[in-house]
Amino acid sequence: MKLQQLRYIWEVAHHDLNVSATAQSLYTSQPGISKQIRLLEDELGVEVFSRSGKHLTRITPAGEAILRTAGEILRKVESIKQVAQEFSNERKGSLSIATTHTQARYSLPRVVKVFIERYPEVSLQMNQGTPMQISEMAADGSVDFAIATEAMDLFSDLIMLPCYHWNRCVVVPRNHPLCSVSNLTLQDIAKHPIVTYVFGFTGRSRLDEAFLEHGLAPRVVFTASDADVIKTYVRLGLGIGIVAKMAYSEEEDSDLVALDVGHLFKQSTTKLGFRRGTFLRGFMYEFIELLAPHLTRELVDQAFNCHSKIELDELFADIELPSY
């Protein structure tokens, strides 16, 4: 059994069983990959992939188990490389992040700018997706960090560090009737068609919970994962927008008014998650602290050593997070 063979089956599984696409991404030949997979299956005595002619059709039950272990081995190999790089050149390497549009557009630009200025030789890759997708990427080791509000609690293999609290605002065109309401209520909001996030994005669940608790059925006429898209449709008169407060800019959105509704919705918490067993290089600790200054190296190491979510929650219980 060769490490290369494990990498081949792992990559094929993560390229939708497309051997040709895998070969292109690994800069090797399709016949070479197919041959090595066959040699591995012959050695193990089981098929990792089912086939129809020359095409791979699905991962076998045995293959699923083998791939889980192969993933662990490949992550350990990557950790060994990270350790070596940290001691050979602590300012050079790579950092991959998965996050949502809201974080990438409004929260991370300042952090990324400072980080790149400090570490010009670190290659920084940012992947965007749904909260579920980015949590899965962190859980299977495809990225180093996941930054999101939703879904990460579903993955027990992730260590989740609370970064900051945030709440929402209602955005409306100037001279909208809601601008004259001094203290908005959920009933006031529910009278109007609503444009907001797709369920599962940017704390949407908290919004739905608030209406449900008051027996209200808001008329959500349009949803999107992108706050800029939501604001565009508010401008078109489709409805009032409910977005993360950080997504409103007085300069860029001067034609809109942001109405504070922090008293109506429970605040949400953005977290940074990484897989247990990840070797954190020095610049990774610094990225975390740039994002959330309270997350010092010492505190992150303490979180690393927590064995359960209860321990982790207790660690952060008395820490006051910034709010946006």
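The values are calculated or read from the model by the stated rules, or taken from the named source; none is laboratory data. Model, not experiment: these values are computed from the prediction. Here the Cβ positions follow ideal geometry from the backbone for every residue, glycine too, while neighbour counts run over all protein chains shown. These area figures cover heavy atoms from the full protein model, side chains too; ligands, DNA and RNA do not enter into them. Shrake-Rupley method; radii C 1.70, N 1.55, O 1.52, S 1.80 Å.
Annotations for the structure displayed:
- Meets criteria (on the phi > 0 side of the Ramachandran plot, open to solvent by 30 Å² or more (accessible area, probe 1.4 Å) and modelled with pLDDT under 95) for residue 215: yes
- Matching entry among 107, 88, 135 (being of a type in the set (S, T, N, Q) and surrounded by fewer than 16 Cβ atoms within 10 Å (Cβ to Cβ)): 88
- Restricting 254, 225 to those that are open to solvent by 50 Å² or more (accessible area, probe 1.4 Å) and polar (S, T, N, Q) reduces the list to 254.
- Residue within region 108-117 that is in contact (Cβ under 8 Å) with a residue 40 or more places away in the chain and over 20 Å from residue 161 (Cβ atoms) present: no
- Counting only helices (runs of 4 or more DSSP H) that sit completely within region 258-320, those holding 2 or more residues that are among the hydrophobic types (A, V, I, L, M, F, W, C) and closer than 22 Å to residue 113 by Cβ correspond to 282-291.
- Among the residues here, residue 194 does not qualify as within 14 Å of residue 259 (Cβ to Cβ), touching a residue at least 60 places away in the same chain (Cβ under 8 Å) and touching a Pro at 6+ places or on another chain (Cβ under 9 Å).
- Filter result for residue 5 (under 26 Å from the mean Cα position of the chain (by Cα) and surrounded by 14 or more Cβ atoms within 10 Å (Cβ to Cβ)): no
- Leading residue by the ranking (least open to solvent (accessible area, probe 1.4 Å)) among those in region 27-59 that are closer than 18 Å to residue 2 by Cβ and small (Gly, Ala, Ser): 32
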